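Student: Just dropping this structure here.
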Amino acid sequence: MNRLPRGATAALLGLSLALLGTGAAMAAPIHTPTPAPTLAPTLAPTQNDQVRLELPRPTGQSAIGRDTLHLIDKTRPDPWVPEAGARELMVSLYYPARPGHGRTAPYMTTGEARAFLEDRDLADAVPAETLSGTRTHARPGARPAQGKFPLVVLSPGFSVNRSTLTLLAEELASHGYVVASVDHAYESVGTAFPGNRLLTCVACEKAPEVGYKTVAAGRAKDVSFLLDRLTSRHSAWRHAELIDRTRIGMAGHSIGGASTASTMAGDQRVRAGVNLDGSLFDPVPASGLDGRPFMLLGTEEDDASWVRDWPHLDGWKRWLAVKGSGHFTFTDTPVLADQLGLLPPEEPLSGEQSQRITRRYVTAFFDLHLKGASRPLLDGPSPEFPEVLFHK
């Protein structure tokens, strides 16, 4: 199981192909980062110049709106760059919207895409405009649907930004959730902030020294601050009335999954959590999570931190392993890689099946625990998804 927060994305060309990266095998029982290998591109740039990437259409009945928030926590200096001042977050809010027409939200900025590809020595193989131009299904500023909806917070993997969880965010919103997808300042290779700033991954250099527990614990503070700003009487979001404050969940990929457990340990408002292939650098307390449900969804390779903390999960719990998967299976990566014909041969699970598994199981989990809906998919193996193994 490969849950590396930084440098764990291998180049997406050559024998270890993956459009945006894949986990690099590690010998350590709890996986720690290594630099991503640099491989010479084997495809000419012109082969991908005219490709139009597209995320799969969400399966829910609701149209989707999207807003963007820039939040500043004036009570905390940034942990990675204290001289920069207060801690900053960028947040994409996805929400059920009224049907309508118009342009859809951008996948990421061209600057973010260029930084992402350059970090992996792929700028000559995949144009930044190809990645940034990925078609999404949320409309900026769309009129919200009527009603109150559960809130799910999403936190991305280390060194990648929140765009990599777009297909999951859109899927949940289409099924009647408000979704807050968070970028944590200085923890990705490139995230656009106001003032034409592209903040880079300072944490990638400092985290190995201070420990990755610091990253997970810091993100937990970020999420608690975010919840304060979204659910307070004077909310930072104009559509805050959509949020049912009694039904809040969280999910994350890689170290974002680790920070989900960290957040739940310190914030009772988060009622249910999902860890998508993330080593638990910040251990689950021996006292548990007060009986709140938690799901582990990852690759077949056991992670020592999951084995260690499994007994401490004291509520409803599942540990699901996916055959043929890799570390980035649970993000947008396989879908986009498949469209370019660049899935790594060592990860035979198709982009289509990867996204179906991630969206179905995560949505089912939150349907069960935030909406009280019966979801037999979580009771045992399914013929529809033979790749999903009920580990425990």
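The values are calculated or read from the model by the stated rules, or taken from the named source; none is laboratory data. In this text the structure is predicted, and so the values were computed from the model without any measurement. We place every Cβ from the backbone using ideal geometry, glycine too, and count neighbours over all the protein chains shown.
Student: Here's a check for you: in segment 311-365, which residue that is free of Cβ contacts under 8 Å to residues at least 24 places away in the same chain and part of a loop (DSSP other than H, G, I, E, B) is farthest from GLY298 (Cα to Cα)?
Tutor: For segment 311-365, the residue satisfying everything is GLY341.
So that you can scan it fast, the table gives a plain yes or no per residue for (1) surrounded by fewer than 18 Cβ atoms within 10 Å (Cβ to Cβ); (2) modelled with pLDDT of 55 or more; (3) polar (S, T, N, Q); (4) closer than 27 Å to ASN196 by Cβ:
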residue	(1), (2), (3), (4)
THR32	no, no, yes, no
LEU39	no, no, no, no
GLN61	yes, yes, yes, no
VAL81	yes, yes, no, yes
VAL91	no, yes, no, yes
HIS101	yes, yes, no, no
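Student: If SER279 passes every condition in (1) within 15 Å of the chain's Cα centre (by Cα); (2) modelled with pLDDT under 95 but one, which one does it miss?
Tutor: (2)
Student: In addition: Pull up segment 105-122, narrow it to residues that are aliphatic (A, V, I, L, M) and touching a Pro at 6+ places or on another chain (Cβ under 9 Å), then point me to the one that is modelled with the lowest pLDDT.
Tutor: Ranking the qualifying residues of segment 105-122, first place goes to LEU122.
Student: Also: Identify the single condition in (1) crowded, with 22+ Cβ neighbours inside 10 Å; (2) within 16 Å of the chain's Cα centre (by Cα) that VAL322 does not satisfy, given that it satisfies every other one.
Tutor: Unmet for VAL322, out of (1) crowded, with 22+ Cβ neighbours inside 10 Å; (2) within 16 Å of the chain's Cα centre (by Cα): (2).
Student: Working only within segment 182-224, note down all residues that are buried (at least 24 other Cβ atoms within 10 Å of the Cβ) and of a type in the set (S, T, N, Q).
Tutor: SER188, THR191 - these are the residues of segment 182-224 that are buried (at least 24 other Cβ atoms within 10 Å of the Cβ) and of a type in the set (S, T, N, Q).
Student: Going by what's in this entry, would PRO56 be described as free of Cβ contacts under 8 Å to residues at least 60 places away in the same chain and either closer than 30 Å to GLN353 by Cβ or of a type in the set (S, T, N, Q) (or both)?
Tutor: Here the answer is no, as PRO56 does not meet what is asked.
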